[in-house]
Amino acid sequence: MSGFFRVAWQVVRKDMTVEVRSKEIVLTTLLFAVSVVLIFSFAIVREGRAPDDVAAGILWVAISFAGTLAMGRTFERERYNDTLRALLLAPADRPAIYAGKLLGLLLLLGLVEIILVPLVALLFNAPILAFPGKLITLLIAGTLGFAAVGTLFAAMLVRVRSRDTLLPVLLYPITVPVMICGVRGTAALFQATPDEPLARLWIAILIAWDVIFVTLSLWTFEPVMTE
Amino acid sequence: MNHLSVVDVARYYGRRKALSQISFTCDAGEIVGLLGPNGAGKSTLLSILATIVTPSRGQVTYGDRAPGESGGAAIRATIGMLGHDLFLYPELTARENLTFFAHLYGVADVAGTVSSALAQANLSDRADDYVSSFSRGMRQRVALERALLHGPQLILLDEPFTGLDQTSTAALVARLRERQQAGCLIVLATHDLDVAEGLLSRAIYLKEGRIVGSDTDSRGLVDRYRRTIRS
């Protein structure tokens, strides 16, 4: 088991080192996510007021679009010099490679969300500080659920020519429940009279989703990656 | 691992037959060349030997182990592969690349192994330069040392001489001979018959996914290759 975590950690560290030097993924996803939020704010906010519940929807739309962009790029990098093969050749549990790529993606998306959430709060008057613990839990659980499925699909599609088209086509229908839970849970916290029990319910559903899909992805990664 | 056994291996991609009825055995201390024109199935066969691609039929046995029985990780620990693409991260330095893979391959003394690998590649003075700034020959040397970091007994090389000048080719040949003397089994796919001549212990000729000949005399390889592939 220690080998699993060692390999996963090495993959995360390598991805972060490459990203710190190139800043390619974080800049493109952040710019994209900020643009999405800004466009919606110009279209929807009138005289400083946004319609109820809209902030939660826009936040999760931005996260899912930016996440899809990041997923594609993170595996595209492994494709350039066929380094994915070198990773798969390592005498380690192949699911550890998946875990490393997933954690790296979560860190990148976490960084994007640190900018994105205050921006949504500012532009849509969303009360992000009312229940910070629950909001952070929702964001972590939702992002994990989305990224767990996306990382597996991005890895599967890395050798497919039309991967950029296929990734969203496959990913969005399957992750619709994550988006619904994320949006409804966040909306329950952002509404004029916050509904904590409802937010807790959505968080519980998201955690159950995470457990199921992270387990499934770890289980299927090896057969899926062996041609 | 003292021998490698390939028995009736076939690989299909949909209805396309990439490999068919491939059988051969080879022993530690041999340098085996897979020779054939483009599309002959050389790279597919190397990928099967590397456990990256599963054969549609047949079996590969590594010593007394088969991938399905004892788990792929134990077998992969004995394999080092240098692909046509070099499996290196251009955004990392040579030392960082080797350190990353040394950790991944579970090497015990990472710093020491990486330093001696850099020295072996004659790149100690460029160890902290980004791989993206290296010439093809320098990258190839780093990539070869990356493949040998964990002391593999089976070394797989896909077109290792492509893009190398005479000096780099000679250095690579010397390194392969040194690994051969150490008892490693080396399987390489190449189009470079001039270099292969005199290097190989055995040549296996592939054409349209099938073995069409093999011999253990690497002298006169170019002529025999032409005769075998044309026939």
If I filter the stretch B:179-218 down to residues being under 15 Å from the mean Cα position of the chain (by Cα), among the charged types (D, E, K, R) and not in a loop (DSSP other than H, G, I, E, B), which single residue comes out as farthest from B:LEU157 (Cα to Cα)?
B:ARG202
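Take B:ASP64 and tell me if it is buried (at least 18 other Cβ atoms within 10 Å of the Cβ) and under 27 Å from B:VAL7 (Cβ atoms).
Numbers: buried (at least 18 other Cβ atoms within 10 Å of the Cβ): no; under 27 Å from B:VAL7 (Cβ atoms): yes.
No, not satisfied.
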Looking for whichever is farther than 21 Å from B:VAL6 by Cβ, in contact with a strand residue (DSSP E or B) (Cβ under 8 Å, 6 or more places away or on another chain), aromatic (Phe, Trp, Tyr) and surrounded by 14 or more Cβ atoms within 10 Å (Cβ to Cβ) here; the options are B:TYR205, B:TYR130, B:TYR225. Which one fits?
B:TYR130
Odd one out for B:VAL110, checked against (1) closer than 21 Å to B:ARG136 by Cα; (2) touching a helix residue (DSSP H, G or I) at 6+ places or on another chain (Cβ under 8 Å); (3) of a type in the set (A, V, I, L, M, F, W, C):
(1)
Only residues that are within 20 Å of A:GLU227 (Cα to Cα), surrounded by fewer than 22 Cβ atoms within 10 Å (Cβ to Cβ) and polar (S, T, N, Q): list them for the stretch A:149-186, please.
A:SER162
Pairs under 8 Å by beta carbon, first residue without any contact (Cβ under 8 Å) to a residue 12 or more places away in the chain and at negative phi in the stretch A:57-76, partner in a helix (DSSP H, G or I) and of a type outside the set (Phe, Trp, Tyr), six or more apart or different chains?
none
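Against the condition over 15 Å from A:LYS14 (Cα atoms), at pLDDT below 90 and in a helix (DSSP H, G or I), how does A:ARG77 come out, does it pass?
Working: over 15 Å from A:LYS14 (Cα atoms): no; at pLDDT below 90: yes; in a helix (DSSP H, G or I): yes.
Taking the combined requirement at face value, the residue does not satisfy it.
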Scan the stretch B:19-47 residue by residue and report those that are within 14 Å of chain A (Cβ to nearest Cβ), more than 17 Å from the chain's Cα centre (by Cα) and not in a strand (DSSP E or B).
none
If A:ALA92 meets every condition in (1) assigned to a helix (DSSP H, G or I); (2) buried (at least 16 other Cβ atoms within 10 Å of the Cβ) apart from one, which number is that one?
(1)
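Closer than 30 Å to B:ILE48 by Cβ and within 14 Å of chain B (Cβ to nearest Cβ), is that true of A:LEU89?
So A:LEU89 passes the test.
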More than 13 Å from chain A (Cβ to nearest Cβ), farther than 24 Å from A:GLN10 by Cα, in contact with a Phe, Trp or Tyr (Cβ under 8 Å, 6 or more places away or on another chain) and not small (Gly, Ala, Ser): does that describe B:THR169?
yes
Does the stretch A:20-41 contain at least one residue that is more than 11 Å from chain B (Cβ to nearest Cβ), loosely packed, with under 15 Cβ neighbours inside 10 Å, among the aliphatic types (A, V, I, L, M) and not in a helix (DSSP H, G or I)?
no
Let me spell it out: the conditions are (1) touching a helix residue (DSSP H, G or I) at 6+ places or on another chain (Cβ under 7 Å); (2) more than 14 Å from every other protein chain (Cβ to nearest Cβ), and A:LEU201 meets all of them except one. Which number is the exception?
(1)
Flagged in the stretch B:159-202 as exposed (fewer than 14 other Cβ atoms within 10 Å of the Cβ), of a type outside the set (Val, Ile, Thr) and closer than 23 Å to B:ILE79 by Cβ, in numbering order, are B:ALA174, B:ARG177, B:GLU178, B:GLN181, B:ALA182, B:GLY183
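The values are calculated or read from the model by the stated rules, or taken from the named source; none is laboratory data. Since this is a predicted model, take the numbers as computed values, not measurements. All Cβ positions, even for glycine, are placed from backbone atoms using ideal geometry, and neighbour counts span all protein chains on display.
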